[in-house]
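These notes concern the structure reproduced below.
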Amino acid sequence: MDNYIDSGNTAWVLISSMLVLLMSIPGIALFYGGLVRRKNVLSVVMQTLFLVSVVSILWVAFGYSWAFDTSLAESGSPLGRFVGGFGKAFLHGITLDTITSQHIPELAFVIFQCMFAVITPALILGAFAERIKFSGFILFIVLWEIIAYFPMAHWVWGGGFLQAMGAIDFAGGTVVHVNAGISALVMAILLGKRDDYRTGHPIMPHNIMFVFLGTCFLWLGWFGFNAGSGLAADGLAANAFLVTHVATATAAITWMAIDWICNKKPTTVGACTGAVAGLVAITPAAGTADLLGAFAIGLVTPVICFCMVAFVKPRFKYDDALDAFGVHGVGGVVGSILTGVFATRFVTGEGGVQGALYGDWHQLWVQVETTLITIAYSAVVTFFLFKLVDAWVGLRVDKRVEEEGLDIYEHGESAYNR
């Protein structure tokens, strides 16, 4: 019988959905919240909590339909290459008995993909932390989700033109990290530096224990992010789990070593940042890379990300406050391209895709082209949305608000009252 529900696969996808939610709240909230100053920690928490709530509503209303409906493509419309359509708006036609090809309820797939839609804009927060109006943030992020994320998810995962090209993005290297990371850079440049930001003099985190706890939740949740993306409890999930862990561990040690060599001390924040860079970079490759790929990606990525954070950012003097671009954007680019190098039939199976290391240079070019298209689209969309929202409601807080803290002025609260 083909039309049945696999209880093991269903349970794994639902558990993975919960793990991915942990990455946003509390993961990103704690990680970014610990990196900002104490006067702005609640602004980060509020931005993250708002995102989880509003994006979830947008997703079931029409986001899932835009990303994964195939009605436009089936009708022969060329628009089907770029957007799904409204055939599944408000989950129309999806019942308790609607089953996907992986023998899980489609509702389980809906909630799993919802968590990806939730965390992607949350990654951008680190670029403009400590200087954005909450009202402007709300309008910008809602429009960004609709115009940048929903179509991109369709292009790569929902039957769009990048998927048709053969792009490999197992769990969100381009859709999530490159998309959000490039948008983060554009926002940081357009919004301008914090008033007290000085190149070469980093603003110290207010609570490194929060950073550590946030990293722990991210590391844990990423197993749902990557190992859950095969939508089955099988060998592919086990491999994705393994390579995710190995790449992350390798990246954490690598960043710590670089920190030790360059700054004379291994720092907790550095090790945590390296771990996140490794998580980001292995994401697109988790379904195609083996242990060799995991080690290589875990070694290469933190070196490049460290150079972006320590040398390139000071050189060009942009204020990517919490290195959203330097880690997520750059890590996503590196991971997406290296996927075209380390993909192996040991994982993909006989007749499956393989990378340049195993003789398929075409796949590497597909990955490069996909990455460049993502960069261009994200940058253009973010630029125009910034100009629109800034003209409409304004995005930058007043100087006095920035000096005294967004928590009190924007939210009427203080995280620490002693």
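Any chance region 163-175 includes a residue that's of a type in the set (Asp, Glu), in contact with a helix residue (DSSP H, G or I) (Cβ under 6 Å, 6 or more places away or on another chain) and farther than 30 Å from Phe342 by Cα? Outline the logic, then answer.
Narrowing region 163-175 to residues of a type in the set (Asp, Glu): 169.
Cutting the leftovers down to in contact with a helix residue (DSSP H, G or I) (Cβ under 6 Å, 6 or more places away or on another chain) gives us 169.
The next check asks that each one be farther than 30 Å from Phe342 by Cα; those that pass are none.
No.
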Determine which single condition Thr98 fails, assuming it passes every other condition in (1) touching a residue at least 24 places away in the same chain (Cβ under 8 Å); (2) β-branched (Val, Ile, Thr); (3) surrounded by fewer than 20 Cβ atoms within 10 Å (Cβ to Cβ). (1)
Between a first residue in region 159-178 that is surrounded by 19 or more Cβ atoms within 10 Å (Cβ to Cβ) and a second residue that is outside any helix (DSSP H, G or I) and among the acidic types (Asp, Glu), which pairs have beta carbons less than 7 Å apart while being 6 or more apart in sequence or on different chains? Val175/Asp169
Do any residues in region 113-141 that are over 21 Å from Pro151 (Cβ atoms) have Cβ atoms under 7 Å from those of residues that are open to solvent by less than 10 Å² (accessible area, probe 1.4 Å) and of a type in the set (Phe, Trp, Tyr), where the two are at least six apart or on different chains, and which pairs are they? Leu125/Tyr32; Gly126/Tyr32; Ala129/Tyr32
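If only one of Ala271, Ala289, Ala343, Ala251 is of a type in the set (A, V, I, L, M), within 25 Å of Gly33 (Cβ to Cβ) and open to solvent by less than 10 Å² (accessible area, probe 1.4 Å), which one is it?
From the options Ala271, Ala289, Ala343, Ala251, the qualifying one is Ala251.
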Wholly within region 1-111, helices (runs of 4 or more DSSP H) carrying at least 2 residues that are at pLDDT 95 or above and closer than 30 Å to Ala321 by Cα: 7-22, 29-35, 41-58
Determine which member of the set Leu322, Leu338, Leu279 is open to solvent by 10 Å² or more (accessible area, probe 1.4 Å) and either in a helix (DSSP H, G or I) or among the basic types (Lys, Arg) (or both). Leu338
Give just the number: which of (1) open to solvent by 10 Å² or more (accessible area, probe 1.4 Å); (2) of a type in the set (A, V, I, L, M, F, W, C); (3) out of contact with any Asp or Glu (no Cβ under 9 Å at 6 or more places or on another chain) does Val366 not satisfy? (1)
Pairs with Cβ under 6 Å, 6+ apart, first in region 389-407 and closer than 23 Å to Val186 by Cβ and part of a helix (DSSP H, G or I), second open to solvent by 10 Å² or more (accessible area, probe 1.4 Å) and of a type in the set (A, V, I, L, M, F, W, C): Val389/Leu139
Count of residues meeting criterion [closer than 19 Å to Trp219 by Cα and at pLDDT below 95] in region 295-323: 2
For Asn263, are the conditions met, namely being polar (S, T, N, Q), modelled with pLDDT under 95 and farther than 18 Å from Leu322 by Cα? yes
Going residue by residue through region 368-375, is there one that turns out to be without any contact (Cβ under 8 Å) to a residue 40 or more places away in the chain and part of a helix (DSSP H, G or I)? yes
In region 1-46, what count of residues is obtained for those that are open to solvent by 50 Å² or more (accessible area, probe 1.4 Å), out of contact with any His (no Cβ under 8 Å at 6 or more places or on another chain) and hydroxyl-bearing (Ser, Thr, Tyr)? 1
Pairs returned, first residue in region 241-264 that is charged (D, E, K, R), second residue that is open to solvent by less than 20 Å² (accessible area, probe 1.4 Å), beta-carbon separation under 6 angstrom, 6 or more apart or interchain, are Asp259/Gly270
Those residues of region 112-134 which are modelled with pLDDT of 95 or more and on the phi > 0 side of the Ramachandran plot, in sequence order: none
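The values are calculated or read from the model by the stated rules, or taken from the named source; none is laboratory data. Just so it is clear, the model here is predicted, and its values are computed rather than measured. Virtual Cβ from ideal backbone geometry, glycine too; neighbours counted across all protein chains shown. When the accessible area is computed, the model is the full protein with side chains, heavy atoms only, and any ligands, DNA or RNA have been set aside. Shrake-Rupley method; radii C 1.70, N 1.55, O 1.52, S 1.80 Å.
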